[in-house]
Structure formats: C-alpha cells, structure tokens
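In what follows, a structure is listed as structure tokens, so that the remarks can point back to it.
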Amino acid sequence: MAFYVAAPFLGGLAGCFGMIGAGSAGHFRLSVALGTLGTTFLVWVVVDPATGMLEALVPASRRHRSERLARIAAEREMKRRNRDRLLAEISRKEKADRIHWEGLLKPQAEKLADLLATDRGAFKQAEQEAVSIGAHAWQIGGLGCMRQLRNMALIISEQKDKHKPVIDYISLWWDGIGTWRNPSMQ
C-alpha cells in the first residue's frame, strides 16, 4: 500500500536521477514530470489491476473473499432482523397507545365535538376549552394523542349532524400546542 501511494514520488525521483548531468532545466523538469506520470500510470493502471487479478486466482484469497462476503451478508441479515423487530415493537406500542387513548379520550372527544358546533357568541370560550383539552392530550401522549383526539372529535361531530358540514376548527385552535401546527400554515 505504501508503494502504491508513493509511486508518483518515486517516479519523480527516478526522473531526477535519469537526468543527472543534463544541461537544460526544461529537460530536467520534463524528465521529472514524465517519470512521475509514467510510474503512476504503470503502478496504478497496470501493476495494481494485474496484482489484483493474480491475487483473486489464489485459493486462499478466494476463500477469504467468500468468507468476507458471507460475513457481510450475515451482518446485513442481522441488521434487517433487528430493524424488523424494532418496527414491529413500535407498531405494537402505537396500537396499544391508540387503544388506551381511545378509552381515555372519549369524553374529551365528545366535548370537542360539541365545541365544534358552538355558535359565534361563545366561540372564544369554546376555543379556550379546546386549547385546554389539546394541552391535556399533548401531556398524555404528544402529537399522536392529539391527532387521535381530533380525529375522534371530527367523527363524533359528523355522526351527530350528518346533514351539516363539519368545519375543523380544532386544527386552528391547537396551533402552537406542543408540536401541533395548523395544516394550512405548513
């Protein structure tokens, strides 16, 4: 490896020694440049690939290569299994959290559904109550809990009055709670 890296320098030195006694400085520089270029080309383009091919033909080298490839494949498979196990664990935890939150958040979802139907006179108070409910949901389970609560409230609101379109004020009311952002502002 050291020879491979030092080849250009050695070629330059060979060019210097080959021109000892030359009269012209231009010839000397040309000799050094050609020595560097020639040696670099010879080592990097001819000798190194030829050595690699010869090395690949040796049985021990082939055995080491196959062992290395088998080790890499085993490591890749182990990483894949660990990743799949981790994803399955996360999925199970999220599902358990959603089931837990559904029972816990049902009263708040019904309250939010009622707040969505509030008339203009009590809109500010409805917003304050919704913010309080959202902050509580954030404390319970973060953004995932807030999303589930919002979705539950919208479904309940749609079921209560199927003829009236539901306007999602919750996203506006909760903008800035934890990491909740109004979708229209993103």
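The values are calculated or read from the model by the stated rules, or taken from the named source; none is laboratory data. Because the structure is a prediction, the values reported are computed rather than measured. Ideal geometry is used to build each Cβ from the backbone, glycine not excepted, and the neighbour counts take in all protein chains shown.
Just a few scattered comments:
- Residue within segment 84-98 that is exposed (fewer than 10 other Cβ atoms within 10 Å of the Cβ) and closer than 26 Å to W180 by Cα present: no
- Conditions (1) within 24 Å of E94 (Cβ to Cβ); (2) surrounded by 13 or more Cβ atoms within 10 Å (Cβ to Cβ); (3) not small (G, A, S): number failed by T179: (2)
- In segment 35-82, of all residues being free of Cβ contacts under 8 Å to residues at least 12 places away in the same chain and of a type in the set (S, T, Y), the one that is nearest to L13 (Cα to Cα) corresponds to T51.
- Sole exception among (1) outside any helix (DSSP H, G or I); (2) within 27 Å of the chain's Cα centre (by Cα) for W138, by number: (1)
- Single condition A88 does not satisfy, out of (1) touching a Gly at 6+ places or on another chain (Cβ under 9 Å); (2) of a type in the set (G, A, S); (3) closer than 30 Å to R147 by Cβ: (1)
Residues checked against (1) under 16 Å from D114 (Cβ atoms); (2) surrounded by fewer than 17 Cβ atoms within 10 Å (Cβ to Cβ); (3) at pLDDT below 85:
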residue	(1), (2), (3)
Q125	yes, yes, no
G134	yes, no, no
C145	no, no, no
L149	yes, no, no
M152	yes, no, no
K160	yes, yes, yes
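- Selected residue [of a type in the set (S, T, Y) and either closer than 30 Å to Q159 by Cβ or assigned by TED's automatic domain parsing to the domain that holds Q148 (or both)] from S91, S66, S24: S91
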